[in-house]
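First comes the structure, then the notes that go with it.
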Amino acid sequence: MTRLRHAAYLALLLPLAACGGGRERPKADLAASKVTTIGVNAYLWRATLDTLSFMPLLQTDSNGGVIVTDWYVNPSVPNERMKVTVTILDQDLRADAVRVAALREVNQGGQWVAAPVQAATVQKIEDIILTRARDLRRAAIAQ
């Protein structure tokens with residue numbers, strides 16, 4: 001019963017949500033947020049590849065929106081390695097359309113042992129991807 005009531009409530013609000021107060025969304029903005037030939041937002045996809053370009057890629061799926069890197073060892077910290085998975089969740093260029101997961105291991109006595117990843121690290125990667133995607137979009141609109 002609650003689900004039915006919730007659906008009816010949304011059905012009433014959705015037509016109102018489409019009202020823009022008489023303002024029309026710029027056509028360049030709408031076109032720039034959509035994808036072309038891949039299954040996810042092209043700007044987020046390109047920005048993710050650019051951001052992770054220093055890491056070896058293990059798997060990419062542009063239709064599913066998944067990029068998985070292989071283990072990366074920073075030459076300045078040889079006893080630590082990282083692996084990153086980025087999932088693009090939407091076709092629109094939105095802040096919540098990118099999810100980053102990271103694994104970190106440290107070398108202890110010749111064995112790689114799982115270690116925690118700081119939440120700020122994952123957030124920073126997401127921010128870099130989103131900033132790069134916005135820059136790519138701005139450049140495409142300016143042309």
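GLY110 satisfies every condition listed in (1) on the phi < 0 side of the Ramachandran plot; (2) surrounded by fewer than 16 Cβ atoms within 10 Å (Cβ to Cβ) except (1).
Restricting the range 114-143 to residues that are more than 21 Å from the chain's Cα centre (by Cα) and over 14 Å from MET82 (Cβ atoms), the residue that is least open to solvent (accessible area, probe 1.4 Å) is ALA142. Annotation for the range 18-34: no member residue is surrounded by 15 or more Cβ atoms within 10 Å (Cβ to Cβ), in contact with a strand residue (DSSP E or B) (Cβ under 7 Å, 6 or more places away or on another chain) and either within 30 Å of ALA142 (Cα to Cα) or at pLDDT 50 or above (or both). Could you tell me whether any residue of the range 125-139 is in contact with a strand residue (DSSP E or B) (Cβ under 9 Å, 6 or more places away or on another chain) and acidic (Asp, Glu)? Within the range 125-139, one or more residues are in contact with a strand residue (DSSP E or B) (Cβ under 9 Å, 6 or more places away or on another chain) and acidic (Asp, Glu). Figure legend. Inter-residue proximity from the range 83-100: first residues within 13 Å of ARG137 (Cβ to Cβ), second residues in a strand (DSSP E or B) and open to solvent by 40 Å² or more (accessible area, probe 1.4 Å), beta-carbon distance below 8 Å, spacing 6+ or different chains. No pairs are indicated. Screening the range 87-106 for residues that are of a type outside the set (A, V, I, L, M, F, W, C), modelled with pLDDT of 95 or more and surrounded by 15 or more Cβ atoms within 10 Å (Cβ to Cβ) and picking the one that is farthest from ARG46 (Cα to Cα) gives GLU105. All conditions but one from (1) closer than 18 Å to ILE129 by Cα; (2) open to solvent by less than 60 Å² (accessible area, probe 1.4 Å); (3) modelled with pLDDT under 95 apply to ALA7; the one that does not is (1).
The values are calculated or read from the model by the stated rules, or taken from the named source; none is laboratory data. Keep in mind that what you see is a predicted model, and the values were worked out from it rather than measured. A quick note on method: Cβ atoms are made from the backbone with ideal geometry, for glycine too, and the neighbour counts reach across all protein chains shown. Protein only, heavy atoms only, side chains kept; ligands, DNA and RNA dropped before computing areas. Shrake-Rupley method; radii C 1.70, N 1.55, O 1.52, S 1.80 Å.
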